[in-house]
1. What is the distance in Å between the Cα centres of segment A:45-111 and segment B:3-34?
2. For a paramagnetic label modelled at 7 Å from the Cα of A:GLN14 toward its Cβ, which residues of segment A:37-77 fall within the zone defined by backbone nitrogen distances under 19 Å?
3. Return the FRET efficiency for the residue pair B:THR7, A:SER58: r is the Cβ-Cβ distance, R0 is 22 Å, and the value is rounded to the nearest 0.05.
4. Under a 5 Å amide H to amide H cut-off, with H placed in plane at 1.01 Å, what residues pair with B:THR5 once short-range neighbours are removed?
5. Which whole-Hz ³J(HN,Hα) couplings does segment B:31-44 yield from phi under the Karplus relation 6.51 cos²θ - 1.76 cosθ + 1.60, θ = phi - 60°, glycine and proline marked x?
6. How much length is gained if the chain between B:ASN51 and B:ASN74 is pulled fully straight, taking 0.36 nm per residue apart and subtracting their Cα-Cα distance, in nm to one decimal?
7. Name the lysines eligible as straight-distance cross-link partners of A:LYS26: C-alpha to C-alpha under 27 Å, and not fewer than 8 places from it in the same chain.
8. Across chain B, what fraction of all alpha-carbon pairs, as a whole percent, falls in each successive 5 Å bin from zero upward?
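Here, each number is a calculation from the coordinates, and none is a lab measurement. On a predicted model such as this, the values are computed, not experimentally measured, just so you know. A quick note on method: Cβ atoms are made from the backbone with ideal geometry, for glycine too, and the neighbour counts reach across all protein chains shown.
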Amino acid sequence: SQQGEEDPQALSIQEGENATMNCSYKTSINNLQWYRQNSGRGLVHLILIRSNEREKHSGRLRVTLDTSKKSSSLLITASRAADTASYFCATDVLGDYKLSFGAGTTVTVRA
Amino acid sequence: EPEVTQTPSHQVTQMGQEVILRCVPISNHLYFYWYRQILGQKVEFLVSFYNNEISEKSEIFDDQFSVERPDGSNFTLKIRSTKLEDSAMYFCASRGPMVTGELFFGEGSRLTVL
């Protein structure tokens, strides 16, 4: 399976702290994407990093990609209560039509 | 901002009944998807659809499932004879014109099979 696997499964932090979650995958990818899901809602795209990129920033988000280790990390800086959600990595494999999602990391930001 | 819309938001059905979940993807998108998520669990790929045919499907997408794009705007998922284990949140997504890039998801249809 090409599914990403996130680590940790759950994370609880204080508002203002940084949250880091990791994703590992199994085969070569075209790109890797991170999505956010608020409880009971649809998934919302956060950021996409291509296989030839090593780091990407978007606002308070920083994503890294290490294709040699087949891993990615998502860092949320200066977290807010509104960042409480589940975060999923998804891999896009060349030649595949689908995105394959991992099991997600549930982040709780305490006020 | 264009969005993917799904109906119904929640459907309760008896085991063995047929269910149709409807989606209106973003209008200029070309690739359409159904995913499902059993409560609190991972997001599982069911099927992708391009150029009026299934482009890829998972092991979950067996003969009881079918998809259709009947009129160029709606994209439907039919479950012919529902089972208890079909209870889940079903998400429609679309993207395009490229097959790579971000997926745009609807808010989901919660299916409860009794």
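1. That distance is 26 Å.
2. Within reach of a label on A:GLN14: A:76-77.
3. 0.10
4. B:VAL24
5. 10, 10, 9, 10, 10, 9, 9, 6, 2, x, 10, 6, 8, 9
6. Details: separation 23, 0.36 × 23 = 8.28 nm, distance 1.38 nm.
Net length gain for the segment: 6.9 nm.
7. Within the straight-line cut-off, A:LYS26 pairs with A:LYS56, A:LYS69, A:LYS70, A:LYS98, B:LYS42, B:LYS57.
8. 2, 13, 24, 27, 20, 10, 4, 1
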